[in-house]
Each structure stands twice: as structure tokens, then as C-alpha cells.
Amino acid sequence: MAGKFGLDFMAGGGNEKLDPGLVMEQVKVQIAVANAQELLQRMTDKCFRKCIGKPGSSLDNSEQKCIAMCMDRYMDAWNTVSRAYNSRLQRERANM
């Protein structure tokens, strides 16, 4: 039976034991996908509110430029925070 996200937790009709390592990797993939979706949703919401005054059938040049710059800045900030967070986690793990 194929689960959500195309993951097979019940391979072989449920008669086989689950590989804990495989399950952990599948969970990590699901978390990464959920995090990416949340990042895109927040970036879209923020940049839309900032750049689009009156929604219409198309974006004018200034709105297009604003959206592009907003998304670039958002991703740059997210990457900076992510690198700092990962660095901190590594330092804390090393001190354990």
C-alpha cells in the first residue's frame, strides 16, 4: 500500500519487517518537503503583501521587480539563519 508522498510503509502486504533506517529517512524527506512548502508559503505571503497594491490580471514592471527582489532577500535571510542555526547545532553536538 503506497502512503502519502509515495512512501511504501507496508511493502509486501505488511508481511515484512520495517527497516528503521529506511523509515527514518522517509520521515526526514517528509519533514524537508513540509519545511520547503512552509518556506515558500511564507515568502509568497510576505512578498505579495509587500509588493502588490491592487491585485489584477497581471503584474506591472515595478511589481515584478519588487517580487523578485523580495524573494531574493527572503531566501538570502533564510539561508543566513539556516547556516547559523546548523553551525550552532554542530557546536552543541561537539560539546556533548
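The numbers here are math on the coordinates, done by the rules we state, and not lab data. Keep in mind that what you see is a predicted model, and the values were worked out from it rather than measured. When we count neighbours, we look across all protein chains shown, and the Cβ atoms used for this are built from the backbone with ideal geometry, even at glycine.
To the nearest 0.05, how large is the calculated FRET efficiency for ASP19 and TYR85 if R₀ is 30 Å and r is the Cβ-Cβ distance? Plugging the Cβ-Cβ distance into 1/(1 + (r/R0)^6) gives 0.55.
Label zone of MET75 (point 7 Å out along Cα→Cβ, amide N under 13 Å): in the stretch 13-52 this covers 40, 43-44.
Where does the charge balance sit around SER62 when Lys and Arg score +1, Asp and Glu -1, over other residues with C-beta under 14 Å from its C-beta? Every neighbour counted, the sum reads +1.
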